[in-house]
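Structure, as structure tokens:
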Amino acid sequence: PQEFPNIKCRNIDITFPAPGNTQEEILINRIMAEFTIKPAGQCVAYRGRHRWLQTYEAVKADESPEETPRILRNGGIYLITGGLGGIGLVLSEYLARAVRAKLILTGRSTFPAKKEWNQWLETHDANDSVSRKIRKVQTLEDLGAEVVVCRADTANLKQMQQVINETYERFGNLHGVVHAAGILPGKTFQAQTIQNVDQDACRQQFQPKVNGLIVLETVLQGRKCDFCLLTSSVSSVLGGLGFASYSAGNIFMDAFAQKHSQINAVPWISVNWDAWQFENKAGRRSGLGASLAELAIKPEEGKEVFRRILSMASMPQLVISTGKLQTRIEQWVAQESSPDTESSK
């Protein structure tokens with residue numbers, strides 16, 4: 001409906017009653033009624049005689065700036081997929097500062113061996129993307145972290161199993177995972193209207209966010225981690241013009257975390273991040289939703305949000321909205337007001 005205002009969509013979630021049960025006719029009547037009443041939300045669920053609507057509640061997070069989340073361990077061992085990306089490096093820096101963590105950072109692109117770093121920095125421009133990542137990793141080490149960089153595609157079972165095996169061989173344990181892998185290397189996110197979304201566009205999003213998540217669950221089976229945090233997006237809630245495949249991939253992550261929290265003692269947390277704001281080599285703002293500079297999360301803010309998230313690790317899903325979420329839902333999902341300031345989510 002965001003792209004085609006003449007089309008209305010509803011998600012009606014039901015469980016089928018036993019054949020011949022009197023509840024069957026009641027359920028049919030209720031479903032039919034959904035087509036005649038004004039929608040109260042995008043998702044409706046029927047369970048027995050109850051009708052449930054999905055809503056979002058604000059939670060008050062820990063605001064103590066000195067408090068390290070109890071879920072973290074001093075010198076703990078943490079795997080970050082997509083660890084050399086913008087968000088991955090920001091979260092790594094927090095872990096380095098807070099607990100002098102041992103960090104395993106994975107990425108799909110080739111990265112120089114540590115013994116080659118000085119030569120690389122001497123022979124490449126300061127704005128070279130690899131040079132910037134090398135300096136970031138050096139900063140992590142200066143903060144007391146031990147950093148291991150591994151080349152691995154999160155969606156490749158063999159490669160990720162090797163990462164896990166090498167982690168246990170080197171450190172003897174794994175305390176937490178942050179799944180921050182994004183789109184394929186060499187690709188840039190491009191909004192596409194629904195009629196133009198093709199398999200390649202979906203593959204870019206689903207490879208790390210769907211296939212990668214299934215692989216991650218497989219390689220972590222039997223491993224007693226303290227937590228697994230998934231970097232989802234507020235697009236799961238707000239959608240966005242041209243964001244169909246991106247939103248779908250993130251919605252899968254949210255549902256996956258919800259399912260996992262019901263069957264596993266290890267907390268799996270899906271975090272619906274708002275847009276992030278990074279500086280690229282030309283000094284311009286970059287990142288998803290960069291046109292909304294006033295709403296984008298800055299790296300220092302992201303570290304503090306990450307700390308507060310870890311203090312609430314019992315919640316399977318957290319939405320990080322820098323603007324009033326209900327107002328944005330009314331404007332962009334329910335379309336109850338005309339957009340005036342935002343041009344994308």
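The values are calculated or read from the model by the stated rules, or taken from the named source; none is laboratory data. The structure presented is a predicted model; accordingly, all values stated were derived computationally and were not measured. We place every Cβ from the backbone using ideal geometry, glycine too, and count neighbours over all the protein chains shown. Remember, those area values only see protein heavy atoms, side chains included, never the ligands or the DNA or RNA. Shrake-Rupley method; radii C 1.70, N 1.55, O 1.52, S 1.80 Å.
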Looking at P69 and the list (1) touching a residue at least 24 places away in the same chain (Cβ under 8 Å); (2) within 23 Å of the chain's Cα centre (by Cα); (3) loosely packed, with under 11 Cβ neighbours inside 10 Å, which single condition is not satisfied?
(3)
Among the residues of region 144-169, the number that are farther than 19 Å from L91 by Cβ and not in a helix (DSSP H, G or I) is 4
Residue among T106, T81 that is within 25 Å of the chain's Cα centre (by Cα), open to solvent by less than 20 Å² (accessible area, probe 1.4 Å) and more than 23 Å from M315 (Cβ to Cβ):
T106
List the number of the failed condition for R132; all other conditions in (1) part of a loop (DSSP other than H, G, I, E, B); (2) surrounded by fewer than 21 Cβ atoms within 10 Å (Cβ to Cβ); (3) modelled with pLDDT of 90 or more hold.
(1)
Residue satisfying all of: in region 215-247; under 11 Å from H179 (Cβ atoms) and part of a helix (DSSP H, G or I); least open to solvent (accessible area, probe 1.4 Å) among these
L216
Of all residues in region 242-265, count the ones that are in contact (Cβ under 8 Å) with a residue 40 or more places away in the chain and under 28 Å from P299 (Cβ atoms).
12
For region 318-337, give me each residue that is of a type in the set (S, T, N, Q), open to solvent by 50 Å² or more (accessible area, probe 1.4 Å) and closer than 27 Å to I7 by Cβ.
Q326, T327, Q335, S337
Assess whether D142 counts as being at pLDDT below 95 and out of contact with any strand residue (DSSP E or B) (no Cβ under 7 Å at 6 or more places or on another chain).
no
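Name the single residue that is modelled with the lowest pLDDT among those in region 174-189 being touching a helix residue (DSSP H, G or I) at 6+ places or on another chain (Cβ under 8 Å) and open to solvent by 60 Å² or more (accessible area, probe 1.4 Å).
Among those residues, the one meeting the criterion is K187.
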The correct count of residues that are open to solvent by 60 Å² or more (accessible area, probe 1.4 Å) and either in a loop (DSSP other than H, G, I, E, B) or closer than 27 Å to G242 by Cα (or both) in region 19-41 is 10
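Taking the stated definitions as given, is E93 part of a loop (DSSP other than H, G, I, E, B), in contact (Cβ under 8 Å) with a residue 40 or more places away in the chain and touching a Leu at 6+ places or on another chain (Cβ under 7 Å)?
No; evaluated as a whole, the condition is false for this residue.
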So which of V149, V137 is aliphatic (A, V, I, L, M), open to solvent by less than 40 Å² (accessible area, probe 1.4 Å) and at pLDDT 95 or above?
V137
Would you check if there is a residue in region 315-328 being assigned to a loop (DSSP other than H, G, I, E, B), closer than 14 Å to S235 by Cα and either at pLDDT below 90 or not β-branched (V, I, T) (or both)?
yes
